[in-house]
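Trainee: Could you have a look at this structure, given as structure tokens, before my questions?
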Amino acid sequence: MNETQLTIVGNLTDDPVLRYLPDGKPLCNFSLANNPRRKDPKTGEWRDSAPLFLACTAWNALAENIAASLHKGQRVVVTGRLRMNQWTTDSGDKRSGYTLDVEDLGASLLFAEVAVTKTARTAAARSS
């Protein structure tokens, strides 16, 4: 497939939100803020660049693990497929935006330590 793969490092802007679809499938939504810093070669000072905010969606066991493990402000490394969504507002205006369909996620160890706990795999998790 020629899908756009993306890996991004950022901080969660809020706690992940877990919900279940009518068929029981877990879905987790969260957003990341990536705020790159650049060193000014003239002054030697660090300066923040314009932030990038990206909406992310995870499914199945990954969705449940994200919701159980992560909180606002935590730094993560996310990889997934970039998707463009289009919709029309109630007033008839056309809008578009990007989301990341998360394939995998890990805690960034640049500023944190983590203890990994393996979860028991269920038949539903193996089939996803």
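Trainee: Please return the longest stretch of the chain lacking exposed loop sites, where trypsin sites (Lys or Arg not before Pro) count only if DSSP places them in a loop and at most 12 other Cβ atoms lie within 10 Å.
Mentor: Details: sites that count: K42, K72, K118, R121.
Here the longest segment lacking exposed loop sites spans 73-117.
Trainee: Gain in length, K39 to E103, computed as 0.36 nm per residue apart minus the alpha-carbon separation, to one decimal in nm? Mind dumping the intermediate values first?
Mentor: Numbers: separation 64, 0.36 × 64 = 23.04 nm, distance 3.20 nm.
Separation in residues times 0.36 nm, less the Cα-Cα distance, equals 19.8 nm.
Trainee: Read phi for every residue in the stretch 112-120 and hand back ³J(HN,Hα) as whole Hz from Karplus 6.51 cos²θ - 1.76 cosθ + 1.60, θ = phi - 60°, with x for Gly and Pro.
Mentor: Ordered by residue, 3J(HN,Hα) equals 8, 10, 9, 10, 8, 10, 6, 9, 6 Hz.
Trainee: Given springs between every Cα pair under 10 Å in a Gaussian network model of the chain, which of T89, T13, T79 has the largest fluctuation?
Mentor: Between T89, T13, T79, it is T89 that shows the largest mean-square fluctuation.
Taken together, the values in this text are just the output of simple stated rules run on the coordinates, not laboratory data. From a predicted model like this one, the values you see are computed outputs, not experimental measurements. Quick reminder, even Gly has a Cβ in these numbers, built from the backbone with ideal geometry, and neighbours come from all protein chains shown.
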